[in-house]
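**Q** Input: one structure, supplied below.
No value in this document is a laboratory result; all are computed from the given coordinates. From a predicted model like this one, the values you see are computed outputs, not experimental measurements. Counting neighbours? That spans all protein chains shown, and the Cβs are built from the backbone with ideal geometry, glycine included.
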Amino acid sequence: MQIALSQIAYRSILSGTVASLAMMPVGFGFRAAGLRVGHYGPKFASLFLDEPGPKELFIQHIVLGWISALPLVVFVLYSHSRRSPVLLGAVYGAMYYVLVNSLALPLFFEDELPWTLGIPTILPSLVTHIVFGAVVGAFCRHSEVVDRTS
């Protein structure tokens, strides 16, 4: 199956945008409950901006969603897996959390690993990333159905 680079980019932008928006209410819910979530957004933005505000953090969140969706979009489109794209996405979201948010970012910013801080630190970010991955997977599946009917 040959898929144009423009289609991969389009699907990554579309699914990454929707997934980034879908994970926000989940994260806000955890934050309202007093749990830590979204810890690395401001830290990452401050590598590029002196005082990132809500607008800059939102734009960064969406753009990182596009980039983060790309590997899953490519995998779903090119793999011959019979697994549900939503399930693959949920697994991807969990793996993304483990590799990026619980290892790479804490090490880069010289923070304690979430695993040493306990479930109240792990759970909010893990769940929001699982939501992100599942939504990307759902949109990959939806776009395949749309492509086949057009």
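**Q** Can you tell me, using C-alpha contacts under 8 Å and at least 6 residues apart, the relative contact order of the chain as a whole percent? Walk me through the numbers before you get to the answer.
**A** Working: 173 pairs, mean separation 56.0, N = 150.
For the chain, the relative contact order is 37 percent.
**Q** For a quick check of your reading of the filter: which chymotrypsin sites (Phe, Trp or Tyr not before Pro) in the stretch 2-91 sit in a DSSP loop and have no more than 10 other Cβ atoms within 10 Å? Don't jump to the answer; show the numbers that get you there.
**A** Values: sites: Tyr10, Phe28, Phe30, Tyr40, Phe44, Phe48, Phe58, Trp66, Phe75, Tyr78; in loops: Phe48.
Qualifying residues, ordered by number: Phe48.
**Q** Please give the length that would be gained between Val74 and Ala104 if that part of the chain were fully extended, namely 0.36 nm times their separation in residues minus their C-alpha to C-alpha distance (nm, one decimal). Mind showing how you got there, number by number?
**A** Working: separation 30, 0.36 × 30 = 10.80 nm, distance 2.24 nm.
Length gained, Val74 through Ala104: 8.6 nm.
**Q** Mind checking the dipole of the stretch 1-113: about its Cα centre, +1 per Lys or Arg Cβ, -1 per Asp or Glu Cβ, Debye to the nearest 20? Walk me through the numbers before you get to the answer.
**A** On the way: 7 positive and 6 negative charges, 116 e Å.
Magnitude of the dipole: close to 560 debye.
**Q** Let me ask another. Once the Cα atoms of the stretch 1-137 are picked out, what are the Rg and Dmax in Å?
**A** Values for the stretch 1-137 (Cα only, Rg and Dmax): 15.3, 47 Å.
**Q** Which value in deg cm²/dmol, rounded to the nearest 500, describes the helix-derived mean residue ellipticity at 222 nm for the chain, given -39,500 (n - 2.57) per DSSP H run of n ≥ 4 and division by the residue count?
**A** Values: 7 runs with 110 residues, N = 150.
Helices in the chain give a 222 nm mean residue ellipticity of -24000 deg cm²/dmol.
**Q** Within the stretch 53-80, name every residue whose backbone N is under 17 Å away from a label modeled 7 Å from Cα of Arg31 along the Cβ vector.
**A** Answer for the stretch 53-80: 53-65.
**Q** With a length cut of 18 Å (Cα positions projected on each helix's long axis) and a Kyte-Doolittle mean of at least 0.0, go through the chain and give me the DSSP H helices that pass.
**A** Details: long enough: 5-32 (40 Å, 0.89); 54-78 (36 Å, 1.44); 119-149 (45 Å, 0.90).
For the chain, where a helix must reach 18 Å along its axis and average at least 0.0, the hits are 5-32, 54-78, 119-149.
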